[in-house]
Amino acid sequence: MYINTQILREGFELHHLVGLEFPVKIHHITKIDDPQLIHTHPVNARSYVFHGWYIERVYTINDDGTYTYEDVKREQGTSHYIAATHAHQIIAISEGGVYTLTTPSEIVNNWGFYKKNDEGKLYFESH
């Protein structure tokens, strides 16, 4: 087994644990997400918070682009399921950052971001 580290952006390191029977990734997040970029992921995953905490803004987006959201605190010692279509952003992080371990699925979706149009409604851009 070995670790392959990627710096995805300032404040976000991704460590791939390579050589296991299933994929495992460790995230170290020290900076909140860009408030303008609500995002999804290409995989479904189970996430375990093993050091620190973060607050995630979780969006429910309607077909017409209107939306609601809920702020959810993800605390150390907890786990939760993340669907690839789960639109969210990290809006607060504990001092020193947060570490999470994820067990992702195969790729099921394109990366994507929701952006606001002139009417304040959200639209999706695949990446």
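The values are calculated or read from the model by the stated rules, or taken from the named source; none is laboratory data. In this text the structure is predicted, and so the values were computed from the model without any measurement. Cβ atoms come from the backbone with ideal geometry, glycine included; neighbour counts cover every protein chain shown.
Could you please give the count of residues in segment 4-29 that are in a loop (DSSP other than H, G, I, E, B) and of a type outside the set (Asp, Glu)?
Here the count works out to 5.
For segment 48-70, indicate whether the set of residues that are of a type in the set (A, V, I, L, M, F, W, C), without any contact (Cβ under 8 Å) to a residue 24 or more places away in the chain, at negative phi and loosely packed, with under 15 Cβ neighbours inside 10 Å is non-empty.
No, there is no match, as no residue in segment 48-70 is of a type in the set (A, V, I, L, M, F, W, C), without any contact (Cβ under 8 Å) to a residue 24 or more places away in the chain, at negative phi and loosely packed, with under 15 Cβ neighbours inside 10 Å.
Checking the conditions here, which among 39, 51 is touching a Gly at 6+ places or on another chain (Cβ under 9 Å) and either among the polar types (S, T, N, Q) or at pLDDT below 95 (or both)?
39
From the list 119, 125, 70, 56, which residue is among the acidic types (Asp, Glu) and assigned to a loop (DSSP other than H, G, I, E, B)?
Matching residue, one of 119, 125, 70, 56: 119.
When segment 30-44 is examined, which residues are found to be within 10 Å of the chain's Cα centre (by Cα), assigned to a strand (DSSP E or B) and not hydroxyl-bearing (Ser, Thr, Tyr)?
Within segment 30-44, 38, 39 qualify.
Starting from residues that are of a type in the set (Gly, Ala, Ser) and surrounded by 12 or more Cβ atoms within 10 Å (Cβ to Cβ), keep the ones in segment 89-125 and report whichever is modelled with the lowest pLDDT.
Ranking the qualifying residues of segment 89-125, first place goes to 112.
Kindly list, by first and then second residue, each pair from a residue in segment 96-118 that is on the phi > 0 side of the Ramachandran plot to a residue that is part of a strand (DSSP E or B), limited to pairs with Cβ atoms under 7 Å and residues at least 6 apart or on different chains.
97/28; 97/29
Kindly list the number of the only condition in (1) surrounded by 14 or more Cβ atoms within 10 Å (Cβ to Cβ); (2) in contact (Cβ under 8 Å) with a residue 60 or more places away in the chain; (3) farther than 18 Å from residue 86 by Cα that fails for residue 43.
Unmet for residue 43, out of (1) surrounded by 14 or more Cβ atoms within 10 Å (Cβ to Cβ); (2) in contact (Cβ under 8 Å) with a residue 60 or more places away in the chain; (3) farther than 18 Å from residue 86 by Cα: (3).
Give the residues of segment 12-28 that are surrounded by 11 or more Cβ atoms within 10 Å (Cβ to Cβ) and either of a type in the set (D, E, K, R) or in contact (Cβ under 8 Å) with a residue 60 or more places away in the chain (or both), sorted by residue number.
The answer is 13, 23, 24, 25, 26, 27, 28.
Going by the structure shown, is residue 84 aliphatic (A, V, I, L, M), more than 20 Å from residue 121 (Cα to Cα) and either without any contact (Cβ under 8 Å) to a residue 40 or more places away in the chain or outside any strand (DSSP E or B) (or both)?
Yes; evaluated as a whole, the condition is true for this residue.
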